[in-house]
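A short worksheet on the structure shown next.
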Amino acid sequence: MSRRSRKRGRSAGVGWVGKASIGLVIAAVVLTGAAFLAIRTYLHSEAFRTFLSTQVSRTAKVDGMFTPFRWQGLAVDADSFDATGSAAVRSLKVEGLHTEIGVGGIGRGVWQLKGSNIRRLEVNVDARKKDAFDGFIEADPPPRANAPKKRWLPTDVEVMAADVQELIVRAELEQGPAVLSGMRVHAEPAGKRHSYRVETLGGTVRLPFAWMPDVRLDRAKLRYQDKQIFVNSASATVWKDGRLDAAGEWDLAAGHYAVEGGLSDVKCDELLNEDWAKRLTGDVASDFTIDNRGGSLVARGKLTIRNGTLTALPVLDTLAAYADTRRFRVLALTDAQTDWRWRDGELFLGNLVIASEGLVRLEGAMIIRGDEIDGNFRLGLAPGTLASIPGAETHVFAPGERGLLWAPLRVTGTLDDPKEDLSDRLIAAAGARMFDVIPETGEKVIKFTRSVLGESPGKAVEKGAKVIEEGTDIIRDVGGVLDGILGTGGRIIQPPAEEPAREDQ
């Protein structure tokens with residue numbers, strides 16, 4: 001074969017291969033175009049709207065439907081999604097949905113939702129049932145009846161990222177309704193299927209506790225995985241400038257949750273009623289833990305008051321005048337703290353200490369059940385404070401630690417009408433010191449100082465009766481001082497319950 005013939009043959013072979021390659025490319029393009037048109041046709045159909053509505057409904061355990069879709073290529077908008085349910089989510093409403101359908105997951109059998117944005121999401125939840133969130137998020141495989149007729153089409157949905165401009169959640173808890181509103185949310189996949197990282201900004205939380213103010217949320221970082229929500233960090237503002245920081249977790253399947261954190265920069269007048277806000281000042285701080293693992297909600301922590309001052313109490317002014325000292329007119333609290341626990345509507349205050357160094361110190365525990373109070377304390381006073389009340393510093397009080405005179409104190413009654421048992425003991429002690437009993441006759445004879453002995457019996461008896469009357473009034477004023485020290489006239493935060501140890505009377 002000549003060289004020219006061989007060259008012509010090679011050219012013919014190369015041309016055939018080239019034409020075949022071009023044909024394959026054209027065929028691939030045609031097939032791709034056809035597939036795209038098929039996908040686009042399906043996405044724009046009512047079948048896909050029904051499919052996506054079913055996926056959302058199955059995930060949230062509700063029954064709902066999107067309004068008609070509006071398409072621009074693979075981007076879609078819907079005015080709303082309305083649904084109702086009988087499990088945890090009682091109702092779900094989505095307003096202003098925008099998302100883009102990604103086809104990169106078709107090989108894995110999923111439609112990808114990319115750049116999803118929701119203008120407003122409103123959810124009503126009933127969290128009172130133990131199995132309320134069973135199966136939530138981790139949806140069961142769709143039944144065959146709901147699967148697309150074309151088997152090559154995906155049968156699941158994967159959310160790549162989502163933003164909610166306004167989230168509103170109304171939750172029914174065992175203690176009453178709780179409301180979260182005005183929160184912005186960003187969520188994105190965290191690796192594992194049905195696992196998401198979530199970051200929130202702003203929002204307000206209103207809890208079903210009269211003693212708890214609205215919580216103004218700043219920022220929170222969470223993670224959802226395996227039916228559990230982990231709050232890595234959360235910060236918020238309460239009252240005027242109070243700072244709240246917390247972290248915790250919520251097991252949706254078991255219904256258990258636990259939160260721990262700290263509260264600071266809260267003023268006493270923000271916790272107390274108008275009357276006591278004028279009398280007790282200072283900065284309140286407390287750590288806390290909240291959980292329901294034992295079957296009921298329990299909150300506990302340790303509270304302290306810094307820079308505390310107790311003032312403007314008439315009984316303090318009376319005692320100051322009687323003791324001839326100004327120290328009782330304004331009590332600068334050098335120590336004010338208590339452990340606290342709330343459970344089933346009861347507040348337990350343990351290891352309670354209220355003190356003004358070198359003057360007065362109160363130690364003990366108290367239970368508050370609704371409006372009723374029951375507490376056991378030790379009251380310490382500086383020597384000489386009750387020197388003018390006969391028998392007070394010898395028969396009722398006894399020397400003890402910190403250089404103070406100590407006496408047991410029981411407080412009962414209600415917040416509006418507290419009762420204490422110290423006044424009666426002071427009166428009894430004063431009476432024993434003001435009388436002598438003649439053994440032979442059993443008659444009581446008033447004991448007088450030398451200045452009184454020189455007077456006539458009639459004047460002596462008159463003066464002695466006056467002394468007893470004035471002493472009794474003074475003692476009752478001292479009893480009022482105890483109420484002031486305890487702060488039982490104030491509005492104490494309602495919340496724990498352990499019987500305080502009874503001290504021997």
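Tabulated values for the structure
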{"item": "Which numbered condition ALA382 fails, given (1) among the small types (Gly, Ala, Ser); (2) surrounded by fewer than 16 Cβ atoms within 10 Å (Cβ to Cβ); (3) in contact with a helix residue (DSSP H, G or I) (Cβ under 8 Å, 6 or more places away or on another chain)", "result": "(2)"}
{"item": "Selected residue (only one of THR200, THR281, THR237 is surrounded by 15 or more Cβ atoms within 10 Å (Cβ to Cβ), of a type in the set (Val, Ile, Thr) and within 30 Å of GLN112 (Cβ to Cβ))", "result": "THR200"}
{"item": "Sole exception among (1) closer than 30 Å to GLY345 by Cβ; (2) modelled with pLDDT under 90; (3) in contact with a Lys or Arg (Cβ under 9 Å, 6 or more places away or on another chain) for THR394, by number", "result": "(1)"}
{"item": "Number of the exception - PRO189 against (1) surrounded by 14 or more Cβ atoms within 10 Å (Cβ to Cβ); (2) touching a Phe, Trp or Tyr at 6+ places or on another chain (Cβ under 9 Å); (3) farther than 22 Å from ASP156 by Cα", "result": "(3)"}
{"item": "In region 326-337, the residues that are out of contact with any Ser or Thr (no Cβ under 8 Å at 6 or more places or on another chain) and assigned to a strand (DSSP E or B)", "result": "ASP335"}
{"item": "Given (1) modelled with pLDDT of 95 or more; (2) out of contact with any Ser or Thr (no Cβ under 7 Å at 6 or more places or on another chain); (3) not in a loop (DSSP other than H, G, I, E, B), index of the condition VAL94 fails", "result": "(2)"}
{"item": "Counted residues, region 250-298 - those being in a helix (DSSP H, G or I) and under 18 Å from ASP339 (Cβ atoms)", "result": "1"}
{"item": "Candidate set: region 385-415, residues that are of a type in the set (D, E, K, R) and closer than 25 Å to ARG329 by Cβ; chosen: the one surrounded by the most Cβ atoms within 10 Å (Cβ to Cβ)", "result": "GLU393"}
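The values are calculated or read from the model by the stated rules, or taken from the named source; none is laboratory data. Note that the structure is predicted; figures quoted are calculated from it, not measured. As a convention, Cβ positions derive from the backbone with ideal geometry for all residues, glycine included, and neighbour counts pool all protein chains shown.
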